[in-house]
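Let me begin by presenting the structure, written as structure tokens, before commenting on it.
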Ligand SMILES: [Zn+2]
């Protein structure tokens with residue numbers, strides 16, 4: 001049975017520098033079967049059934065990211081070949097790529113919102129104007145203008161089309177209400193901050 005010290009020396013020999021932080025402080029081996037190795041500098045923890053064999057490392061998984069969160073996107077169950085972890089540049093590159101991907105997803109998600117919180121009052125006003133125009137586009141001759149509904153009773157396809165138009169118009173109305181609420185919220189907040197004695 002190999003000792004913890006032997007496994008630690010073995011892991012450090014295979015990875016003289018921590019794949020994540022580049023430290024040469026070595027690893028603390030733990031686990032019942034000595035399959036965990038944690039960087040003594042950044043705290044990133046790898047797992048491999050190869051560690052206690054002390055022969056060759058054919059695979060490792062990042063089991064825990066560094067204490068500061070570095071490496072989170074590379075955590076298990078993502079599988080990377082051993083050559084990936086041996087090449088510091090490829091690790092940093094993958095981290096950068098994951099970061100960019102995350103930012104793009106975040107950006108895409110926020111553009112789905114009715115408005116973005118960083119928009120100016122003027123931009124919100126413009127959105128309201130746009131929605132008002134949309135309403136007149138979708139809501140011609142219908143309930144919101146105080147007439148219509150007659151066509152809903154007779155012809156189904158016309159009724160469906162009218163319904164869809166109505167829903168579009170109502171959606172735009174809701175958007176206006178939501179944006180107006182934001183403008184009100186801002187007005188109240190700025191009143192609160194400027195009105196202090
Ligand atoms: Zn490290």
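The values are calculated or read from the model by the stated rules, or taken from the named source; none is laboratory data. All values derive from a computational prediction rather than experimental measurement. Cβ placement follows ideal geometry from the backbone for every residue including glycine, while neighbour counts extend to all protein chains displayed.
For this structure, a couple of remarks:
- Looking across segment 58-74, the residues that are in contact with a strand residue (DSSP E or B) (Cβ under 7 Å, 6 or more places away or on another chain) and surrounded by fewer than 19 Cβ atoms within 10 Å (Cβ to Cβ) come down to 61, 63, 64.
For every residue, the table says whether it meets (1) out of contact with any strand residue (DSSP E or B) (no Cβ under 9 Å at 6 or more places or on another chain); (2) assigned to a loop (DSSP other than H, G, I, E, B).
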position: 8; (1), (2): no, no
position: 12; (1), (2): no, no
position: 16; (1), (2): yes, yes
position: 19; (1), (2): no, yes
position: 28; (1), (2): no, no
position: 33; (1), (2): yes, yes
position: 42; (1), (2): yes, yes
position: 55; (1), (2): yes, yes
position: 76; (1), (2): no, yes
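- Pick from segment 10-25, criterion buried (at least 16 other Cβ atoms within 10 Å of the Cβ) and within 14 Å of residue 55 (Cα to Cα), ranking: nearest to the chain's Cα centre (by Cα): 15
- Residues considered: 55, 28. Of these, the only one that is over 18 Å from residue 78 (Cβ atoms), more than 9 Å from the ligand (Cβ to nearest atom), surrounded by fewer than 18 Cβ atoms within 10 Å (Cβ to Cβ) and without any contact (Cβ under 8 Å) to a residue 12 or more places away in the chain is 55.
- Count of segment 90-116 residues which are over 30 Å from residue 166 (Cβ atoms) and either exposed (fewer than 12 other Cβ atoms within 10 Å of the Cβ) or modelled with pLDDT under 90 (or both): 12
- Complete set of residues in segment 35-52 that are surrounded by fewer than 22 Cβ atoms within 10 Å (Cβ to Cβ) and away from the ligand (no atom under 13 Å from the Cβ): 35, 36, 47, 48, 49, 50, 52
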